[in-house]
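Structure first, commentary second.
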Amino acid sequence: MTEGIEALFLETRNWGRTAGFLQGLGFELEFETDHGSGLFRNGGGPYVFLVEVPEDSEPDLRVALKVADADAFRPGPGVEVVAPFEDTHYGTREMTVRDPDGRVWSLQAPAEK
């Protein structure tokens, strides 16, 4: 069972402008990488992970839903699993699924201890 929105993964063609936009909305930069990406938080709500993409790419937005336990989670009928839960480099486990309209969603669970 999912527990609500964990994060938004937001792509942009201009890191600086979009980072400024998020900060103008009250988000604070928690960390920035050396390759045009970083994590923003605003209180206890979902975080925004911002990543810059090349000019010839169409920026995308992906929703990540929170899952309490990756090992116990079982997707129901009608959920196409694109990639099973895998450890991420940012300390979570993530699964990718596709909805009936072809949109890709992420499911995030705490990393295994």
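The values are calculated or read from the model by the stated rules, or taken from the named source; none is laboratory data. None of these values were measured; they are calculated from a predicted model. Cβ placement follows ideal geometry from the backbone for every residue including glycine, while neighbour counts extend to all protein chains displayed. All accessible areas refer to the heavy atoms of the entire protein, side chains included, with ligands and DNA or RNA removed. Shrake-Rupley method; radii C 1.70, N 1.55, O 1.52, S 1.80 Å.
Here are a few things to note about the model shown:
- Near pairs, Cβ below 8 angstrom, 6+ apart or cross-chain, from region 64-82 (more than 17 Å from Gly102 (Cβ to Cβ)) to any residue that is of a type in the set (A, V, I, L, M) and open to solvent by 80 Å² or more (accessible area, probe 1.4 Å): Ala64/Ile5; Leu65/Ile5; Lys66/Ile5; Val67/Met1; Ala68/Met1; Phe73/Met1
- Residues in region 53-84 that are within 26 Å of Asp34 (Cα to Cα) and hydrophobic (A, V, I, L, M, F, W, C): Val53, Leu61, Val63, Ala64.
- Scanning region 75-96 turns up at least one residue that is of a type in the set (D, E, K, R), surrounded by 13 or more Cβ atoms within 10 Å (Cβ to Cβ), at pLDDT 90 or above and more than 21 Å from Arg17 (Cβ to Cβ).
- Selection from region 34-62 of residues that are exposed (fewer than 15 other Cβ atoms within 10 Å of the Cβ) and not in a loop (DSSP other than H, G, I, E, B): Leu61
- Test: residue in region 73-86 that is outside any strand (DSSP E or B) and touching a Ser or Thr at 6+ places or on another chain (Cβ under 7 Å): no
- Which numbered condition Leu10 fails, given (1) modelled with pLDDT under 90; (2) not in a loop (DSSP other than H, G, I, E, B): (1)
- Picking from residues in region 97-113 that are open to solvent by 30 Å² or more (accessible area, probe 1.4 Å) and part of a strand (DSSP E or B), the one that is nearest to Asp71 (Cα to Cα) is Pro110.
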